[in-house]
Amino acid sequence: MWLLIAAAVGYYGHGLGFSYIAYNRMSEEMQTQAGFAPALDDGAIRRRLIAKAEELDLPEDAKRITIRRLSQRAKS
């Protein structure tokens, strides 16, 4: 019985582990691209993020990326 439970936990845990790792890697890539944002246009950032999503084999919904730039306050 314990072996069956361990096998079920391993089987379902593998999928959850992959999702967690993919989420973290995509999140890190978004933060990296945000750091480069002043030097890159939206198209370049979008292409890089889509490439990362494809590398991680994420679903098509992950490739629908919206880039929103916050306006910078005028420095006085």
Loop-located trypsin sites (Lys or Arg not before Pro) in the stretch 1-73 whose Cβ has at most 14 other Cβ within 10 Å (DSSP): R64, R68, R69, R73
Quote to one decimal, in nm, the extra length available between S27 and A39 on full extension: 0.36 nm per residue of separation minus the C-alpha distance between them. 2.3 nm
Among H14, T66, L49, the residue whose Cα sits farthest towards the positive end of the charge dipole of the chain, when +1 is placed on the Cβ of each Lys and Arg and -1 on the Cβ of each Asp and Glu, is T66
Please determine, in degrees from 0 to 90 and to the nearest 10, the orientation of helix 42-55 with respect to the longest principal axis defined by the Cα atoms of the chain, where the helix direction is its Cα long axis. 10
Rounded D (µm²/s) - the stretch 14-58, Kirkwood Rh over Cα pairs, Stokes-Einstein at 20 °C, 1.002 mPa s: 194
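Before I look further, what does the chain give for accessible area per residue, probe 1.4 Å, in whole square angstrom?
Details: 6700 Å² over 76 residues.
Accessible surface, normalised per residue, equals 88 Å².
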Once you treat every alpha carbon in the chain as an equal point and sum by Debye, what is log10 I(q)/I(0) at q = 0.21 Å⁻¹? -0.94
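The values are calculated or read from the model by the stated rules, or taken from the named source; none is laboratory data. Computed from a predicted model, the values in this text were never measured in an experiment. Note that each Cβ is placed from the backbone with ideal geometry, even for glycine, and that neighbours are counted across all protein chains shown. Accessible surface is based on the protein model in full, side chains and every heavy atom, while ligands, DNA and RNA are left aside. Shrake-Rupley method; radii C 1.70, N 1.55, O 1.52, S 1.80 Å.
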